[in-house]
Amino acid sequence: MDLSANSQLERSRHTAILFKLECEKRGRTITHVPTIVDEVKKWLRERGEPIRIFGENLSDVRDRLRGVLGREALEREGKGLNVNVNVNGVASAALESATAASSQPAPAPVEKVELQYTQALPALCAFREKALRHSSEKTAARLASELGRRAGTDTAFGKESNALNSTARNIGDWSRQGCKLEMSVFGDERPLTTVAFSSTSLDNGMYSPPTTLATSGWTGIVKLWDLEKASPSQAIKGHTDRVTGLEFSPNGANVLASCSIDSTARLYVKGGGGSANNNGDAMTIDNDTNDTNDNSDNQYTTSHILKGHKMRCCQVAWHPAGTHLATSSFDRSWRLWDAEVGGDEILLQDGHFNECYGLAFHRDGSLIASSDFGGVIIVWDLRSGKAIHNFVGHSKRVLSMDWSPNGYQLASGGDDGTVKIWDLRQKKLSRSIPAHGNIVSGLKFGRSGEVLASCSFDGKVKLWRGGRDYKLLRTLEGHEGKVCGIDIYDGGVTGEGGVIATAGFDKTFKIWK
């Protein structure tokens with residue numbers, strides 16, 4: 001004879017009470033139960049249980065956790081109960097009579113969603129192969145250098161690392177004492193937003209001190225400055241609105257990239273390799289001491305205009321190989337461009353649910369990190385095209401990022417005024433620094449990795465001991481208002497010729513040596 005609905009409910013209640021007693025019995029045999037209050041709450045929260053019920057004391061909360069652990073142990077053994085149990089051991093009144101259940105219509109089939117893939121362009125496949133080869137070489141060199149440093153061997157990598165360690169103290173001393181304001185130059189008629197040093201690679205793998213500085217801002221004009229003469233050498237009018245990103249190619253000072261809120265990015269080539277036109281004219285600068293304007297070999301001209309983003313561009317970043325660059329945009333995507341072959345777009349990468357802003361290539365060229373206005377950082381593997389991890393910790397927008405030369409730390413800053421250090425090996429937050437009292441607008445590691453420089457809308461520039469404890473080394477003050485952009489050269493392995501450039505809302509850029 002079939003039981004009525006009330007009889008079924010009473011039976012399920014009785015079964016639930018017996019099951020609860022069995023859970024408590026099993027729980028009393030479990031020894032690895034936390035005793036610290038915060039740990040008990042954490043364990044309950046992880047299991048979807050309330051951390052405190054009205055009338056419970058701390059001992060009751062821990063006993064309830066024991067019961068939950070006992071229930072998990074029974075479920076692992078296949079002795080679980082197929083009814084929901086509340087805190088009183090009473091089953092949920094979710095049982096229905098057989099007659100009511102039979103009268104319900106059958107549930108509609110759930111449509112299975114399958115991932116769909118599209119075939120990559122040949123240019124993208126070629127880039128992934130190039131990124132794989134480039135990152136393998138750089139990673140092997142970096143790991144050999146680290147092993148040589150630890151072992152104290154006489155290999156070339158070991159000597160280079162030992163030289164870096166011997167000059168780390170000098171770099172720290174330069175950051176704490178020697179870094180002083182060298183010059184302050186009125187750079188434009190409107191606020192400046194970005195600065196970038198030229199980088200010249202030497203035959204021994206090192207980099208010479210920069211001799212050229214590029215600046216830009218709200219006027220949309222990109223200006224080149226001779227650091228030795230402290231005078232402008234060229235101005236390039238191309239963008240129709242504010243420039244938000246500026247960076248020299250890592251292969252040298254002959255190629256410069258910029259992006260703007262006019263939704264375009266531009267490539268400039270030194271020595272007549274581009275085409276001067278109405279969209280990228282070189283402007284003559286009135287300066288009696290400047291004789292470089294008459295030499296076309298020293299002039300930058302627009303070689304390519306990169307169009308594709310539907311909304312304003314935010315930042316531009318070069319791949320370490322110097323053959324490709326990436327741009328971020330308010331259209332919630334970042335794009336990859338081939339700088340060697342006509343500036344063609346080879347990848348449109350979406351995945352952000354908010355405006356995409358920050359970009360940073362890993363020093364080995366294997367990864368790229370992108371950030372958005374939701375406080376999310378996504379790390380992408382360029383060799384496979386997959387998103388390998390998300391870092392979430394900022395409470396507001398993430399505007400600036402940079403990878404440490406040690407290969408496993410990523411620094412980020414944003415609206416919340418903090419600088420966060422993420423550990424790629426452990427895939428978690430390593431350190432959170434309350435760095436500034438306003439938006440962190442820029443972050444840059446030196447080539448040695450011993451110094452991390454940050455700038456902020458609070459008008460301050462701060463230097464941190466990178467790669468170690470991130471202790472504050474020095475605070476630089478000189479701008480009258482917001483500091484919008486920063487770049488640093490700390491001398492690399494030699495530890496000589498350290499220089500910092502900053503751009504501010506006060507229409508000036510400043511050089512610190």
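Return a yes/no flag: does segment 5-28 have any residue that is more than 20 Å from N57 (Cβ to Cβ), out of contact with any helix residue (DSSP H, G or I) (no Cβ under 8 Å at 6 or more places or on another chain) and part of a loop (DSSP other than H, G, I, E, B). Checked against the condition, which is being more than 20 Å from N57 (Cβ to Cβ), out of contact with any helix residue (DSSP H, G or I) (no Cβ under 8 Å at 6 or more places or on another chain) and part of a loop (DSSP other than H, G, I, E, B), segment 5-28 yields no hits at all. State whether the residues of segment 317-330 include one that is out of contact with any Ser or Thr (no Cβ under 8 Å at 6 or more places or on another chain), farther than 21 Å from G252 by Cα and either buried (at least 18 other Cβ atoms within 10 Å of the Cβ) or charged (D, E, K, R) (or both). Within segment 317-330, one or more residues are out of contact with any Ser or Thr (no Cβ under 8 Å at 6 or more places or on another chain), farther than 21 Å from G252 by Cα and either buried (at least 18 other Cβ atoms within 10 Å of the Cβ) or charged (D, E, K, R) (or both).
Picking from residues in segment 331-355 that are of a type in the set (A, V, I, L, M, F, W, C) and touching a Leu at 6+ places or on another chain (Cβ under 9 Å), the one that is surrounded by the most Cβ atoms within 10 Å (Cβ to Cβ) is W334. Total residues in segment 215-272 satisfying the condition of being within 20 Å of G342 (Cβ to Cβ), open to solvent by 40 Å² or more (accessible area, probe 1.4 Å) and of a type in the set (A, V, I, L, M, F, W, C): the figure is 1. Pick out the one residue from G365, G358 that is open to solvent by less than 20 Å² (accessible area, probe 1.4 Å) and either at pLDDT below 95 or not in a strand (DSSP E or B) (or both). Selected residue: G365, the only one of G365, G358 that is open to solvent by less than 20 Å² (accessible area, probe 1.4 Å) and either at pLDDT below 95 or not in a strand (DSSP E or B) (or both).
Determine if segment 468-479 includes at least one residue that is at pLDDT below 90, open to solvent by 30 Å² or more (accessible area, probe 1.4 Å) and outside any strand (DSSP E or B). Yes; the residues of segment 468-479 include at least one that is at pLDDT below 90, open to solvent by 30 Å² or more (accessible area, probe 1.4 Å) and outside any strand (DSSP E or B).
For segment 497-510, state whether one or more residues are within 23 Å of I377 (Cβ to Cβ), open to solvent by less than 10 Å² (accessible area, probe 1.4 Å) and touching a Leu at 6+ places or on another chain (Cβ under 8 Å). No, because not a single residue in segment 497-510 is within 23 Å of I377 (Cβ to Cβ), open to solvent by less than 10 Å² (accessible area, probe 1.4 Å) and touching a Leu at 6+ places or on another chain (Cβ under 8 Å). In the set S395, S412, S400, only one residue is over 21 Å from F505 (Cα atoms), in contact with a strand residue (DSSP E or B) (Cβ under 9 Å, 6 or more places away or on another chain) and assigned to a strand (DSSP E or B); that residue is S412.
The set of residues from segment 400-441 being under 23 Å from A144 (Cα atoms), among the hydroxyl-bearing types (S, T, Y) and open to solvent by 10 Å² or more (accessible area, probe 1.4 Å) comprises just one member, Y408. Cβ-Cβ under 8 Å, sequence separation 6+ or interchain: first residue in segment 297-321 and without any contact (Cβ under 8 Å) to a residue 40 or more places away in the chain, partner open to solvent by 20 Å² or more (accessible area, probe 1.4 Å) and charged (D, E, K, R). Which pairs? If the second residue must be open to solvent by 20 Å² or more (accessible area, probe 1.4 Å) and charged (D, E, K, R), the pairs left are D297/K270. Against the test of being closer than 25 Å to A140 by Cβ and in a strand (DSSP E or B), the options I346, I388, I377 yield a single qualifying residue, I388. If only residues of segment 296-316 that are crowded, with 17+ Cβ neighbours inside 10 Å and among the hydrophobic types (A, V, I, L, M, F, W, C) are counted, the one that is nearest to L399 (Cα to Cα) is C314.
The values are calculated or read from the model by the stated rules, or taken from the named source; none is laboratory data. Computed from a prediction, not measured in an experiment: that's the story for all the values here. Cβ: placed from backbone, ideal geometry, glycine included. Neighbour counts: every protein chain shown. Only protein heavy atoms, including side chains, enter the accessible area calculation; ligands, DNA and RNA are left aside. Shrake-Rupley method; radii C 1.70, N 1.55, O 1.52, S 1.80 Å.
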